[in-house]
Amino acid sequence: MKPHDGFYYFNRGLVLARLMNFTEAIKDFSKGLDEIKIGGDTKFKALFHRGNCYRQIKEYSKSIKDLTEACDLNRDDAPAQNNLGLSYFENQQYDMALERFKKAIEQDPSKPTYYNNKALALYHNELYD
């Protein structure tokens, strides 16, 4: 009924991602980004979620690209920094992952998961101390 309303694509992408249909979710997030002619929070969220979907299907370079852009839009978002770190980590770029996990901790030191992720990156970088 409204094929050019990007918010509908974005919302359907969220549902598809929850259903673990990552490929279809990516299509809807992409269509939403094409149709949504605004920036800000909605663009950040679409890039964040699409980047996480790319990570789930092991397309790490695309995941890193989207999550980097999301982090550029909202530098203070700890989950975005952490998820970008996870994409670097899963792509075996442990130095880059470590930097992002550190940023996530700086922004929200209350999350034990961020410390665990940082410790794993340190371990893979053979920084045992």
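Can you work out the accessible area per residue across the chain, with the rest of the protein chains kept in place, probe 1.4 Å, in square angstrom?
Details: 7740 Å² over 129 residues.
It amounts to 60 Å² per residue over the chain.
Between ASN21 and THR113, what length in nm is gained on full extension when 0.36 nm per residue of separation is reduced by their alpha carbon distance?
On the way: separation 92, 0.36 × 92 = 33.12 nm, distance 2.52 nm.
Roughly 30.6 nm would be gained on extension.
With each pseudo-label sitting 7 Å past Cα toward Cβ, what's the GLN56-HIS124 distance in nm, one decimal?
Each label point is offset 7 Å from its Cα along the Cβ direction, giving 2.1 nm.
Please list, in order along the stretch 88-98, the HN-Hα scalar couplings obtained from phi with the Karplus expression 6.51 cos²θ - 1.76 cosθ + 1.60 (θ = phi - 60°), rounded to whole Hz, x for Gly and Pro.
4, 4, 5, 8, 6, 9, 5, 4, 5, 4, 4
Can you list the aspartates and glutamates whose alpha carbon is less than 15 Å from that of LYS65, not counting same-chain residues fewer than 8 positions off?
GLU90
Rounded, prolate or oblate for the stretch 67-116? Axes are the square roots of the Cα gyration tensor eigenvalues, ordered a ≥ b ≥ c, and the cut-off for rounded is a/c under 1.5.
Values: a/c = 2.06, a/b = 1.08, b/c = 1.91.
In terms of gyration-tensor shape, oblate.
What is the mean projected area of the alpha carbon convex hull for the chain, to one decimal in square nanometres?
It is 7.9 nm².
Between LYS2 and SER30, what's the calculated FRET efficiency when r is the beta-carbon distance and R0 is 22 Å? Round to 0.05.
After rounding to 0.05, the efficiency reads 0.80.
Loop only per DSSP, at most 14 neighbouring Cβ atoms within 10 Å: give me the GluC sites (Glu not before Pro) in the stretch 32-110, ordered by residue number. Mind showing how you got there, number by number?
Details: sites: GLU35, GLU59, GLU69, GLU90, GLU99, GLU106; in loops: GLU59.
Sites meeting the loop and neighbour criteria: none at all.
Is there a pair in LYS31/LYS102; LYS31/LYS118; LYS2/LYS103; LYS62/LYS111; LYS27/LYS118 whose C-alpha atoms are over 30 Å apart, and which pairs would that be? Each step should come with its number before you reach the end.
Details: LYS31/LYS102 33 Å; LYS31/LYS118 34 Å; LYS2/LYS103 40 Å; LYS62/LYS111 26 Å; LYS27/LYS118 32 Å.
Where the Cα-Cα span goes over 30 Å, the pairs concerned are LYS31/LYS102; LYS31/LYS118; LYS2/LYS103; LYS27/LYS118.
From the phi of every residue in the stretch 120-128, what ³J(HN,Hα) in whole Hz does the Karplus formula 6.51 cos²θ - 1.76 cosθ + 1.60 yield, where θ is phi - 60° and glycine or proline is x?
Each residue's phi maps through the Karplus curve to give 5, 5, 4, 4, 5, 8, 6, 9, 6 Hz.
The values are calculated or read from the model by the stated rules, or taken from the named source; none is laboratory data. What you see is a predicted model; the values in this text were computed from it and never measured. As a convention, Cβ positions derive from the backbone with ideal geometry for all residues, glycine included, and neighbour counts pool all protein chains shown. To get the accessible areas, we keep the full protein, side chains included, count just its heavy atoms, and leave off ligands, DNA and RNA. Shrake-Rupley method; radii C 1.70, N 1.55, O 1.52, S 1.80 Å.
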